[in-house]
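So the structure is just underneath, and the comments pick up after that.
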Amino acid sequence: MASLKDMRNRIASVKATRKITKAMQMVAAAKLRRAQEAATAARPYAERMDQVLANVASRVTTRDGQSPLLVGTGNDKVHLLVVMTAERGLCGGFNSNIAKLARADAQRLMAAGKTVKIMTVGRKGADNLRRDLGKQIVERVELRGVKQVRAAQADEVSQKVLALFEKGEFDVATMYFAEFRSVIAQKPTALQLIPARVPEMKGAGKAQGATAVYDYEPSEEEVLSFLLGQNITTQILRGLLENAASEQGARMSAMDNATRNAGDMINKLTIKYNRQRQAQITKELIEIISGAEAL
């Protein structure tokens with residue numbers, strides 16, 4: 001049985017831990033609002049980009065005039081998985097859930113005879129996948145010193161993906177991230193980047209009740225080629241912003257649970273300490289009374 005001094009030290013240790021988790025919860029709550037606003041603001045832009053791509057792609061009728069970023073290489077033998085996670089832990093199952101989805105897809109592709117290559121964005125993604133898929137990791141991007149995600153970080157990742165595609169290193173690229181829904185709900189999501197999946201046009205202007213006619217300068221092929229490269233950067237930026245909001249929401253929820261658990265542990269340890277202290281006092285009183293009666 002632990003002594004009273006050991007129990008006091010343990011209670012003090014748990015109280016110190018509770019202060020840390022409470023502080024981390026408050027910091028995550030402060031960061032969450034800004035990250036959530038950035039993620040929400042990026043969604044309409046990414047959705048509008050898909051609509052513009054669909055419009056331009058519908059104007060390019062010949063396959064020869066379409067970019068490989070849209071139609072692909074004609075094969076699907078080599079897959080690149082861009083797994084985006086956080087740089088730090090202590091955020092519940094946020095990192096592990098993204099890695100779990102990517103691992104399941106990688107194993108399914110390899111079982112089908114495909115070649116899988118992995119690019120990790122964030123240190124925790126590489127840590128989670130190193131044991132099972134360490135040989136498949138071909139590129140690592142760390143954002144350790146980045147306090148707020150911006151377009152520069154998305155452009156860095158996009159340039160690496162495009163460079164690998166131009167070298168013929170893969171045929172299909174898929175991005176993995178967590179879509180932010182609420183503080184307690186972050187959905188692991190897979191989004192195909194190359195070849196781009198754009199919504200089909202069901203008739204120009206039907207939603208607005210009129211047909212809009214656009215003239216493109218230079219040609220539709222050149223505009224489409226440029227927009228496809230920008231679309232990859234846009235989708236990666238959206239994934240990074242969704243991840244940033246999801247990370248803070250998951251950390252806030254995890255630290256709140258940790259704070260509650262620490263409070264429950266302190267209550268249990270305090271009750272145990274008081275009972276043991278009372279038993280020790282009672283024992284000492286009995287010894288004193290027995291000694292006095294013996295005299």
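Quick one: what pairs do we get from the range 105-116, first residue closer than 15 Å to MET175 by Cα, second open to solvent by 60 Å² or more (accessible area, probe 1.4 Å), C-beta under 8 Å, 6+ apart or different chains? Between residues of the range 105-116 that are closer than 15 Å to MET175 by Cα and residues that are open to solvent by 60 Å² or more (accessible area, probe 1.4 Å), the close pairs are VAL116/MET110.
Just one of the listed residues (ARG140, ARG123, ARG130) is within 18 Å of the chain's Cα centre (by Cα) and free of Cβ contacts under 8 Å to residues at least 12 places away in the same chain, namely ARG130. Any residue in the range 249-256 that is in a helix (DSSP H, G or I) and open to solvent by 60 Å² or more (accessible area, probe 1.4 Å)? So far as the range 249-256 goes, no, none of its residues is in a helix (DSSP H, G or I) and open to solvent by 60 Å² or more (accessible area, probe 1.4 Å).
Taking the range 1-118 as the region of interest, the helices (runs of 4 or more DSSP H) fully inside it that hold 2 or more residues being modelled with pLDDT of 90 or more are 4-59, 94-111. Out of all the residues in the range 141-156, is one or more open to solvent by less than 50 Å² (accessible area, probe 1.4 Å) and part of a helix (DSSP H, G or I)? The answer is yes, given that some residue of the range 141-156 is open to solvent by less than 50 Å² (accessible area, probe 1.4 Å) and part of a helix (DSSP H, G or I). Of the residues GLN136, GLN159, GLN148, the single one that is farther than 20 Å from GLU247 by Cα and touching a Lys or Arg at 6+ places or on another chain (Cβ under 9 Å) is GLN136.
Scanning the range 143-169 for residues that are without any contact (Cβ under 8 Å) to a residue 60 or more places away in the chain, among the hydrophobic types (A, V, I, L, M, F, W, C) and farther than 26 Å from ALA39 by Cβ returns a single hit, ALA163. For VAL138, state whether it is assigned to a strand (DSSP E or B), within 23 Å of GLU169 (Cβ to Cβ) and either at pLDDT below 85 or open to solvent by 70 Å² or more (accessible area, probe 1.4 Å) (or both). Here the answer is yes, as VAL138 does meet what is asked. Restricting ALA99, ALA104, ALA28, ALA54 to those that are open to solvent by 20 Å² or more (accessible area, probe 1.4 Å) and either at positive phi or among the hydrophobic types (A, V, I, L, M, F, W, C) (or both) reduces the list to ALA104.
Does GLU166 count as closer than 19 Å to ALA244 by Cα, of a type in the set (Asp, Glu) and surrounded by fewer than 18 Cβ atoms within 10 Å (Cβ to Cβ)? Judged against the criteria, GLU166 is not a match.
Yes/no per residue for (1) touching a His at 6+ places or on another chain (Cβ under 6 Å); (2) surrounded by 12 or more Cβ atoms within 10 Å (Cβ to Cβ); (3) modelled with pLDDT of 90 or more:
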position	(1), (2), (3)
ARG238	no, yes, no
THR259	no, yes, yes
ASP264	no, no, yes
TYR273	no, yes, no
ILE281	no, no, no
GLU287	no, no, no
LEU295	no, no, no
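Whether any residue in the range 107-124 is among the charged types (D, E, K, R), open to solvent by 30 Å² or more (accessible area, probe 1.4 Å) and closer than 30 Å to ALA28 by Cβ is what I want to check. Among the residues of the range 107-124, at least one is among the charged types (D, E, K, R), open to solvent by 30 Å² or more (accessible area, probe 1.4 Å) and closer than 30 Å to ALA28 by Cβ, which makes the answer yes.
Counting only residues that are charged (D, E, K, R) and in contact with a helix residue (DSSP H, G or I) (Cβ under 8 Å, 6 or more places away or on another chain), the range 10-49 holds 6 of them.
Sub-8 Å Cβ pairs linking a first residue in the range 272-295 that is under 26 Å from ARG8 (Cα atoms) to a second residue that is part of a helix (DSSP H, G or I) and open to solvent by 100 Å² or more (accessible area, probe 1.4 Å), at least 6 apart or interchain, are TYR273/ARG8, ordered by first then second residue.
Residues that are touching a Cys at 6+ places or on another chain (Cβ under 7 Å) and either over 30 Å from LYS160 (Cα atoms) or among the polar types (S, T, N, Q) (or both) do occur in the range 248-270.
The values are calculated or read from the model by the stated rules, or taken from the named source; none is laboratory data. All figures in this text were calculated on a predicted structure; none of them were measured in a lab. Counting neighbours? That spans all protein chains shown, and the Cβs are built from the backbone with ideal geometry, glycine included. To get the accessible areas, we keep the full protein, side chains included, count just its heavy atoms, and leave off ligands, DNA and RNA. Shrake-Rupley method; radii C 1.70, N 1.55, O 1.52, S 1.80 Å.
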